[in-house]
Amino acid sequence: MLGWELSPHLTGGMGIACSRLARSLTQQGTQVLFVLPHAMGDEEAGSADVRACDRSVRPVDSSLRPYQTRSQYEQQRERLVHQDLPRSGFQGGYGANLIDEVARYADVVSDLCRDDEFDLIHAHDWMTYAAGLRIKARTGKPLVCHVHSSERDRRPFDPDPEIERREQAGFDGADRIVCVSNFAQEALTDHYDVDPVRVRTVHNAIDADYGDSVAWDPDPARPPRVLFLGRLTEQKGPLHFLEAASQVLNRMPLVEFRVSGEGELLEDCKRRARELGIEESVRFTGFLQGSEVPRMYADCDAYVMPSVSEPFGLTALEALACDVPVLLCRQSGAAEVLKSSVQFDHWDVDDLARKILAVLRFPALRQQLVVAGRRELRSLGWDASALRLQHLYEEVLG
């Protein structure tokens with residue numbers, strides 16, 4: 001299994017999904033060797049979470065990072081080179097650019113896996129597809145490509161054509177393609193040359209005990225709080241969140257809006273809050289990790305996911321597990337499984353503002369949304385998703 005990241009060092013939902021799927025697969029009898037990029041010396045060796053299940057994790061020397069753009073990769077590479085960190089995987093240093101590093105990573109991974117015994121290759125998202133293709137060419141083993149998000153999702157208004165070509169190459173060489181939702185599957189077949197016969201949907205899920213350790217006991221005197229949590233990028237729609245916040249504050253001036261996360265639009269978001277005159281009512285918390293995340297959910301009265309294109313959206317499940325009602329963009333995979341949630345079109349900030357106001361004004365509605373959503377969460381377990389993957393593996397292996 002080839003991925004970008006693994007719990008507990010996470011930048012998005014893919015690392016959570018990879019960790020939980022690997023754990024459940026192992027518990028169901030599938031042996032998993034998880035391979036991921038790891039800049040040697042940049043963080044503690046062995047930091048990936050191997051306690052949750054009996055599986056192997058193999059970090060490979062690389063400066064690749066999840067969701068990197070070309071410019072972000074170059075900044076990361078420059079820092080690592082200046083620190084003179086050890087480079088056990090690559091002779092001669094890291095790749096000169098993001099695409100070159102992906103190719104180098106594929107070379108090293110295929111060499112390192114030369115002596116491993118395995119039946120199948122499972123590659124998560126575009127940075128690992130080249131490695132999966134290289135291993136398949138060397139061994140003849142079947143390849144499964146897992147799509148958590150495509151370049152069209154991550155950068156909907158300015159996709160990188162070279163990354164799209166790399167994605168298409170992975171899809172061309174895959175024996176099966178897994179999408180995290182039907183929404184993602186439809187987008188895939190719309191934007192890429194993919195035979196739908198080879199595509200399967202395996203929804204993401206959530207741990208049954210997520211949020212159990214967090215008590216929701218808000219101060220009745222505090223103002224209502226509305227949360228955005230995610231990467232601050234075009235895909236996630238934080239500017240739409242702020243536009244809706246402005247309208248809500250015109251009618252309910254005491255509401256507090258929280259923006260949790262980091263990303264390339266952080267300064268744009270702060271500037272837009274000032275332009276709208278709502279900077280005093282918007283709190284930017286920065287990136288949250290570990291137990292900080294469920295505590296933030298539990299400290300708020302509503303969670304909004306205004307993504308332009310969201311193949312799934314694990315945060316919606318997490319918020320609901322913390323007894324926080326969710327407002328979901330219809331352009332998301334989570335909307336397929338949380339059918340009782342409040343839904344809106346990402347571009348319709350007027351509708352979003354009206355629905356935030358309704359959720360804040362009517363406690364009975366909030367309770368109804370949580371009760372109905374909790375009922376839907378019961379059918380979303382990682383063991384069930386892993387079992388669907390096992391069936392797919394058996395189908396591929398004949």
Practice prompt. Could you please tell me which pairs satisfy a Cβ distance under 8 Å, a separation of 6+ or placement on different chains, a first residue in region 50-68 that is in the same structural domain as Asp111 (by TED's automatic domain parsing) and within 22 Å of Trp382 (Cα to Cα), and a second residue that is modelled with pLDDT under 80 and surrounded by fewer than 18 Cβ atoms within 10 Å (Cβ to Cβ)?
Written response: Ser56/Val50; Val57/Gly46; Val57/Val50
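Of the residues Phe118, Phe157, Phe183, which single one is touching a residue at least 60 places away in the same chain (Cβ under 8 Å) and under 29 Å from Gln31 (Cα atoms)?
Numbers: Phe157 fails: under 29 Å from Gln31 (Cα atoms); Phe183 fails: under 29 Å from Gln31 (Cα atoms).
Residue meeting the stated conditions: Phe118.
For region 120-155, how many residues are part of a helix (DSSP H, G or I) and either at positive phi or touching an Asp or Glu at 6+ places or on another chain (Cβ under 6 Å) (or both)? Give the derivation first.
Looking only at region 120-155, we keep the residues that are part of a helix (DSSP H, G or I), and these are 126-139, 151-154.
Subset that is either at positive phi or touching an Asp or Glu at 6+ places or on another chain (Cβ under 6 Å) (or both): 126, 151.
Adding up the residues that qualify gives 2.
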Discussion item. I'd like the full set of residues that are free of Cβ contacts under 8 Å to residues at least 40 places away in the same chain and within 24 Å of the chain's Cα centre (by Cα), limited to region 354-375.
Written reply: Arg375
Discussion item. Quick check on my filter: what residues within region 174-195 are β-branched (Val, Ile, Thr) and in a loop (DSSP other than H, G, I, E, B)?
Written reply: Val180, Val194
Discussion item. Looking at Thr30, Thr26, can you tell me which residue is modelled with pLDDT of 75 or more, assigned to a loop (DSSP other than H, G, I, E, B) and within 17 Å of Ala386 (Cβ to Cβ)?
Written reply: Thr30
Response to the item:
Counting only residues in region 104-115 that are touching a residue at least 60 places away in the same chain (Cβ under 8 Å) and touching a helix residue (DSSP H, G or I) at 6+ places or on another chain (Cβ under 9 Å), the one nearest to Glu164 (Cα to Cα) is identified as Tyr105
Worksheet item: Which of the residues belonging to region 264-316 are within 28 Å of His146 (Cα to Cα) and touching a strand residue (DSSP E or B) at 6+ places or on another chain (Cβ under 6 Å)?
Response: Leu288, Tyr303, Val304, Met305, Pro306, Ser307, Glu310, Gly313, Thr315, Ala316
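Conditions (1) of a type in the set (S, T, N, Q); (2) closer than 25 Å to Arg134 by Cα; (3) buried (at least 21 other Cβ atoms within 10 Å of the Cβ), marked per residue:
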site	(1), (2), (3)
Glu167	no, yes, yes
Ala187	no, no, yes
Asp209	no, no, no
Lys236	no, no, yes
Item to complete: Tell me which of these Leu397 doesn't satisfy, since it passes every other one: (1) surrounded by fewer than 15 Cβ atoms within 10 Å (Cβ to Cβ); (2) touching a helix residue (DSSP H, G or I) at 6+ places or on another chain (Cβ under 7 Å).
Response: (2)
Item to complete: Would you please name the residue that is surrounded by the fewest Cβ atoms within 10 Å (Cβ to Cβ), looking only at residues in region 279-302 that are in contact with a Ser or Thr (Cβ under 8 Å, 6 or more places away or on another chain) and closer than 22 Å to Ala221 by Cβ?
Response: Thr285
Worksheet, complete the sentence: Checked Val326, Val342 against criteria (among the hydrophobic types (A, V, I, L, M, F, W, C) and surrounded by fewer than 22 Cβ atoms within 10 Å (Cβ to Cβ)); the one match is Val342
Response to the item:
Scanning region 169-185 for residues that are over 21 Å from the mean Cα position of the chain (by Cα) and small (Gly, Ala, Ser), the one surrounded by the fewest Cβ atoms within 10 Å (Cβ to Cβ) turns out to be Ala169
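The values are calculated or read from the model by the stated rules, or taken from the named source; none is laboratory data. Small disclaimer: the values here were computed from a predicted structure and weren't measured. A quick note on method: Cβ atoms are made from the backbone with ideal geometry, for glycine too, and the neighbour counts reach across all protein chains shown.
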